[in-house]
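Report on the following structure.
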Amino acid sequence: MTKATNSSSPINPPDSNQSGRNFDASSEPSGGQPVPQRQPRPFIGIQFKCCQTYGRIYRNHEATAYAGNCPRCGKRVYVPIRHGGGSSRFFSAG
């Protein structure tokens, strides 16, 4: 068993070459180049009746349907996208 001790001496003393430098934890990339923003992936929420659980299914690359699986049993769900379809974002399936 290892006993924890409270010591006032630092574990890693500062390197003399690093003294005076500050750590920059900003989210800005170096070089001034802006990072391209990712678009959120379109999804619909599904209440899976088979396992009484909720999950999201995402739009496919062709933008013709939403497809996914039940997070518990893996049952496949496919919801086609049609012209003039509804605006609902949550459904029940299975």
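A few notes on this one:
- Residue list for region 29-74, restricted to those being of a type in the set (K, R) and at pLDDT 95 or above: K49, R56, R59, R72
- Residue count, region 67-79 (criterion: among the hydrophobic types (A, V, I, L, M, F, W, C) and exposed (fewer than 13 other Cβ atoms within 10 Å of the Cβ)): 1
- Identity of the residue in region 46-66, under 19 Å from the mean Cα position of the chain (by Cα) and more than 13 Å from G94 (Cα to Cα), that ends up surrounded by the most Cβ atoms within 10 Å (Cβ to Cβ): I57
The values are calculated or read from the model by the stated rules, or taken from the named source; none is laboratory data. Treat the numbers as computed from the prediction; the structure is a model and nothing was measured. All Cβ positions, glycine included, derive from the backbone under ideal geometry; neighbour counts span all protein chains shown.
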